[in-house]
Amino acid sequence: MTPATPRTSEVGLMVPGGGAEVDAVYEGWLTKGVTVVEEPHDEVFGRTFVVSDPDGNLIRVSPVD
């Protein structure tokens, strides 16, 4: 279900292990059917991606800084 109000803020989930672990989380979540907003890519702070939960909340996954 898509929310009536678009979400603009994000919840951050930082995982240890660097870019490889971020990619592993992404692949694991894909098998569970998450809605991908941004596929994994490199930013100045490291590897990252964004998904949304069933309520439309945005979740950014990135490595521990």
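A short reminder: the numbers here are calculations on the coordinates, not readings from a lab. This is a predicted model, so every value here is computed, not measured. All Cβ positions, glycine included, derive from the backbone under ideal geometry; neighbour counts span all protein chains shown.
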query: Between the helical axis of 18-30 and the dominant principal axis of the chain, each derived from Cα atoms, what acute angle in degrees is found, rounded to the nearest 10?
result: 40
- prompt: Is it possible to state the helix-based mean residue ellipticity at 222 nm for the chain, with each DSSP H run of 4+ residues giving -39500 (n - 2.57), the sum divided by total residues, to the nearest 500 deg cm²/dmol? What is it?
  reply: -6500 deg cm²/dmol
query: Which ³J(HN,Hα) values in Hz, rounded to whole numbers, follow from the phi angles of the stretch 45-54 under the Karplus curve 6.51 cos²θ - 1.76 cosθ + 1.60, where θ = phi - 60° and Gly and Pro get x?
result: 9, x, 5, 7, 8, 10, 10, 10, 7, x
- request: Arrange Thr35, Thr5, Thr48 by Cβ neighbour counts within 10 Å, fewest through most, would you?
  value: Thr5, Thr35, Thr48
